[in-house]
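Note sheet for the following structure.
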Amino acid sequence: MLKKISTDKAPAAIGPYSQGIITGNLLFASGQIPINPANGEIEANDIAGQAEQVMKNIGALLEAAGTDYTRVVKTGCFLADMNDFAAFNEVYAKYFTQKPARSCVAVKTLPRNVLCEVEVIAEV
């Protein structure tokens with residue numbers, strides 16, 4: 001049975017998808033971009049600031065699902081510019097201390113022209 005996860009502490013979906021789905025003992029969280037859920041705005045212009053907001057949004061989804069960063073098993077990271085890799089990793093490492101499996105790729109464009117997006121799979 002699928003259980004939809006939704007929280008107002010993370011940005012609402014901006015398309016036809018759920019913030020997250022739990023099936024079995026796994027949460028599949030949709031990609032998070034650096035939208036502040038309180039006002040719907042992208043406040044930071046640099047990769048570090050945007051990555052921080054993304055991590056806060058992921059944390060809110062994990063909490064809503066009854067899990068946390070220590071139980072994330074896989075991440076998918078999307079960067080608008082691979083030159084931001086090192087700065088992104090500095091922020092990422094503060095949150096993903098358990099070092100889950102990861103993919104990180106550069107993409108042509110992200111929604112709302114943000115600099116990064118991250119999706120996670122976590123044990124619940």
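Against the conditions (1) in a helix (DSSP H, G or I); (2) closer than 16 Å to E119 by Cα; (3) open to solvent by 50 Å² or more (accessible area, probe 1.4 Å); (4) among the aliphatic types (A, V, I, L, M), where does I14 fall short? Just the number, please.
(1)
Based on what the data block shows, is R71 touching a strand residue (DSSP E or B) at 6+ places or on another chain (Cβ under 7 Å), open to solvent by 70 Å² or more (accessible area, probe 1.4 Å) and over 19 Å from K9 (Cα atoms)?
In short, yes.
Of all the residues that make up region 53-83, how many are of a type outside the set (V, I, T) and within 17 Å of R112 (Cα to Cα)?
7
Quick check on E123: is it more than 22 Å from I14 (Cβ to Cβ), in contact with a helix residue (DSSP H, G or I) (Cβ under 6 Å, 6 or more places away or on another chain) and open to solvent by 30 Å² or more (accessible area, probe 1.4 Å)?
Here the answer is yes, as E123 does meet what is asked.
Could you please let me know if A60 is touching a residue at least 24 places away in the same chain (Cβ under 8 Å) and of a type in the set (G, A, S)?
Here the answer is yes, as A60 does meet what is asked.
In region 80-94, how many are within 23 Å of I14 (Cβ to Cβ) and either open to solvent by 40 Å² or more (accessible area, probe 1.4 Å) or of a type in the set (A, V, I, L, M, F, W, C) (or both)?
4
So, of the residues in region 19-45 that are among the polar types (S, T, N, Q) and in a loop (DSSP other than H, G, I, E, B), which turns out to be least open to solvent (accessible area, probe 1.4 Å)?
Ranking the qualifying residues of region 19-45, first place goes to Q19.
Quickly run through region 50-106 and pick out the residues that are in a helix (DSSP H, G or I) and β-branched (V, I, T).
Passing the criteria: V54, I58, T70, V91.
Right, E63: open to solvent by 50 Å² or more (accessible area, probe 1.4 Å) and either among the charged types (D, E, K, R) or closer than 26 Å to L26 by Cα (or both) or not?
So E63 fits the description; yes.
The values are calculated or read from the model by the stated rules, or taken from the named source; none is laboratory data. Since we're looking at a predicted model, the values are computed, not measured. Using ideal geometry, Cβ is built from the backbone for each residue, glycine included, and neighbour counts are taken over all protein chains shown. Ligands, DNA and RNA are stripped out before the accessible areas are found, and what is left, the full protein with its side chains, is counted by its heavy atoms. Shrake-Rupley method; radii C 1.70, N 1.55, O 1.52, S 1.80 Å.
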